1. On the first, second and third principal axes, largest extent first, how far apart are the outermost C-alpha atoms of region 78-177 in Å?
2. Only Cα pairs under 8 Å and at least 6 apart count here; give the relative contact order of the chain as a rounded whole percent.
3. Return the FRET efficiency for the residue pair Gln201, Glu128: r is the Cβ-Cβ distance, R0 is 25 Å, and the value is rounded to the nearest 0.05.
4. Which parts of region 89-103 would a label at Asp166 reach, counting a residue when its backbone N lies under 17 Å from a point 7 Å out along Cα-to-Cβ?
5. Just need the relative contact order of region 99-229 here, percent rounded to a whole number, with Cα pairs under 8 Å and 6+ apart.
6. How far is it, in nm, from the label point at Ala50 to the one at Leu109 when both lie 7 Å from their Cα along the line to the Cβ?
7. What percentages make up the Cα-Cα pair-distance distribution of the chain when the bins are 5 Å wide from 0?
Amino acid sequence: MGTRRSTADAAPAAPTPFSTLITTASHAAHTEVKNSTFMSDLLGGRLGVAAYRRYTEQLWFVYHALESASEALVVDPVTGPFIRPELARTAALERDLCHLGGPDWRAGLSALPATRAYADRVRWCAREWPGGYVAHHYTRYLGDLSGGQIVRGTAEKHWGFARKGDGVRFYVFEAIGNPAAFKREYRALLDALPVDDLEKQRVIEECRHAFALNMAVFRELGREFPLSA
Ligand code: HEM
């Protein structure tokens, strides 16, 4: 009775920042998408530019879903701080697709079933669930600012695009001078997300879902572009 604890013993451990929780929770899924057959073949230079184009087309559907609802999301207290014009990718994707497919690129555009499911989920979150939208926003934009740069370098090398030019503009964030600083600020926004712990858990779950949706797209792309050898 009355056992005294030292101040150090009594100090509660600092809670793990939400940005760390979300990174940790998606670590295994990230390894899986990175090592998917399609990504490995693409980055290994074993696929032609047609596969890269098809992949870029799929990204257009996802980013169109993410970005066409921006006006409503910018005034929402949960999603608002994340909606930053310097992240917007649709215009860059359209320039890349025009370069890859010619001026009629839109005519041949078609979403794989997995892409349709992914874009539908993003659209649903944009309409119904701000926390879920943040999960999808994080999964795409922080990824593009990080590993996306590896994809760009590979694409320039294998398919001869001008450095940071047409074909790879999607990966070039011209209005973000310091990506490392931007990512730090982004993580601070995640840490300040104005939702309770239960909702944060749901956001983490949706982030895992987002990775699974990406993986499904890679699987379908892999089936469409199998290595003949
Ligand atoms: C071959 C493909 C990929 C490579 C090489 C790659 C590589 C990387 C690298 C090097 C980082 C930086 C880690 C750090 O800041 O310490 C990163 C972060 C990230 N990647 Fe990827 N990645 C790839 C594909 C993907 C895909 C397909 C997604 C999801 C759509 C994704 C989502 C993310 C996210 C969300 C982060 C940020 C993690 C965080 O700091 O919280 N990545 N990636």
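1. That gives 41, 35, 19 Å along the principal axes, largest extent first.
2. After rounding, I find 35 percent.
3. Calculated transfer efficiency: 0.90.
4. Hits in region 89-103 for Asp166 at 17 Å: 91-103.
5. So the answer I get is 40 percent.
6. Simple spin-label model gives 2.2 nm for this pair.
7. Reading the bins upward from 0: 1, 6, 13, 17, 19, 16, 10, 6, 3, 2, 2, 1, 1, 1, 0, 0, 0.
Where a number appears in this text, it was derived from the coordinates with a stated rule and is not lab data. Predicted, not measured: the structure shown is a model, and the values here were computed from it. Note that each Cβ is placed from the backbone with ideal geometry, even for glycine, and that neighbours are counted across all protein chains shown.
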